[in-house]
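Peer 1: Let me give you the structure first, and then I'll get to my questions.
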Amino acid sequence: MKCRVCRGPAVIDIRRHNANFCREHFLRLCRDQVKRAIDAFDMLQPDDRVLVAVSGGKDSLALWDLLLELGYRVDGFYVGLGIGDYSDTSTDHAVRFARERGLTLHTVDLRRDHGFDVPHGSRAARRNPCSACGLSKRHLFDEAARRGGYDAVATGHNLDDEAAVLFGNVLRWDPEYLGRQRPVLEARDGFPRKVKPLIRLTERETAAYCLLRGIDYLVDECPLSAGNKHLAYKAALNEIEAMSPGAKHAFYFGFLERASERFATESDLGREGLSPCTRCGAPTPGEVCAFCRLVEAATAAVPVELGRRRGSR
Ligand code: FES
Ligand code: ZN
Ligand code: ZN
């Protein structure tokens, strides 16, 4: 197996590119793919201050590393979700990555700062844990970006993630979600710009990138995500990709090029009429934002010994 670029010994084959790469040229390919995504969708300007949403997994740590390699000013933001060992280990990976490189990592801990954790809080609020978790993370990333004056929030969604989300949105023909499924959402109404620079890389590639760069990441999947539909969509797309390399890329980028615009007005409609949440100031269509409502419901029935409430530090 020889590298397509230098003919030296290859370390990875990428079937959708119909090519093999040595370490050096694979790392360069990853950087090029990220740069290409950033440029094509006008995600970032060279002097932007970027906040990366870090989970301790391969995608977010690879993203942080790649953006630094490309010369961006990047800090990290981590949310402690209180999901037992999984969260403890993910915190360790995120903190170690930042410390070893002298980087700034901001952290919020749901239990310490908001009085609940995802497993108990979602049960108390009668919500699916993944949706309570996603809502909390989105809210806290937006808030951190706003308070810290960052120009953009970058997330580690890769091609597998985006294709699977698209698959789900198409199965339901959900126009609002389809309209919002863009790799860049411009800043507006108090929301920071959101960008997804890894859309041209698969999760196998971000894992290989971490391995070759010596980045120690959390391999385990979240225990609460077992059985969720997103994983089933990923598995279905993986079978299609195995039969037809490049199908995932064609599915997702075909949508962006030929269909996404058609849903743009639907997503704009969903963002009309926002005003500041009366409790936290975040933009919301109602009086109190969804996160503040979640905090209220999640803490109402949480036993006191679970964690200290906000302000009791
Ligand atoms: Fe959010 Fe698992 S990481 S529910
Ligand atoms: Zn090479
Ligand atoms: Zn609020």
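The values are calculated or read from the model by the stated rules, or taken from the named source; none is laboratory data. These numbers were taken from a predicted model, which means no experiment stands behind them. Every residue, glycine as well, gets a Cβ built from its backbone with ideal geometry; the counts of neighbours run over all protein chains shown. We work out accessible area using only protein heavy atoms, side chains counted, and drop any ligands, DNA or RNA first. Shrake-Rupley method; radii C 1.70, N 1.55, O 1.52, S 1.80 Å.
Peer 1: Select from segment 10-27 the residues that are out of contact with any strand residue (DSSP E or B) (no Cβ under 7 Å at 6 or more places or on another chain) and either small (G, A, S) or farther than 16 Å from L211 by Cβ (or both) and list them in ascending order.
Peer 2: R15, R16, H17, N18, A19
Peer 1: Limited to segment 210-232, what total is found for residues that are open to solvent by 80 Å² or more (accessible area, probe 1.4 Å) and closer than 30 Å to R23 by Cβ?
Peer 2: Residues in segment 210-232 being open to solvent by 80 Å² or more (accessible area, probe 1.4 Å) and closer than 30 Å to R23 by Cβ: 6 in total.
Peer 1: Does G71 meet the test of being away from ligand 1 (no atom under 16 Å from the Cβ) and modelled with pLDDT of 95 or more?
Peer 2: Answer is yes for this residue.
Peer 1: Going by the structure shown, is A132 within 29 Å of K229 (Cα to Cα) and either within 16 Å of ligand 3 (Cβ to nearest atom) or of a type in the set (F, W, Y) (or both)?
Peer 2: yes
Peer 1: Still on this structure: Going through segment 153-202 one residue at a time, which ones are surrounded by 21 or more Cβ atoms within 10 Å (Cβ to Cβ), over 30 Å from R73 (Cβ atoms) and in contact with a Gly (Cβ under 8 Å, 6 or more places away or on another chain)?
Peer 2: Selection gives G179 alone.
Peer 1: Oh, and also: Does R49 satisfy the condition of being more than 14 Å from K196 (Cβ to Cβ) and within 21 Å of the chain's Cα centre (by Cα)?
Peer 2: Spelling it out, R49 is indeed more than 14 Å from K196 (Cβ to Cβ) and within 21 Å of the chain's Cα centre (by Cα).
Peer 1: So, restricting to strands (runs of 3 or more DSSP E) that lie completely within segment 1-99, which ones have at least 3 residues that are crowded, with 21+ Cβ neighbours inside 10 Å?
Peer 2: Filter on segment 1-99 gives 49-54, 73-80.
Peer 1: Condition first: over 12 Å from E205 (Cβ atoms) and of a type in the set (F, W, Y). Now tell me which residues in segment 1-45 satisfy that.
Peer 2: Passing the criteria: only F41.
Peer 1: Quick one: is R31 touching a residue at least 40 places away in the same chain (Cβ under 8 Å) and within 17 Å of N158 (Cβ to Cβ)?
Peer 2: no
Peer 1: While we're looking at this one, here's another question. How do the pairs read when you match residues in segment 281-293 that are of a type in the set (D, E) with residues anywhere that are away from ligand 1 (no atom under 16 Å from the Cβ), using Cβ under 7 Å and keeping only pairs 6 or more apart or on different chains?
Peer 2: E287/T278
Peer 1: Taking the criterion of being without any contact (Cβ under 8 Å) to a residue 60 or more places away in the chain, surrounded by fewer than 19 Cβ atoms within 10 Å (Cβ to Cβ) and more than 21 Å from the chain's Cα centre (by Cα), would at least one residue in segment 114-133 satisfy it?
Peer 2: Scanning segment 114-133 turns up at least one residue that is without any contact (Cβ under 8 Å) to a residue 60 or more places away in the chain, surrounded by fewer than 19 Cβ atoms within 10 Å (Cβ to Cβ) and more than 21 Å from the chain's Cα centre (by Cα).
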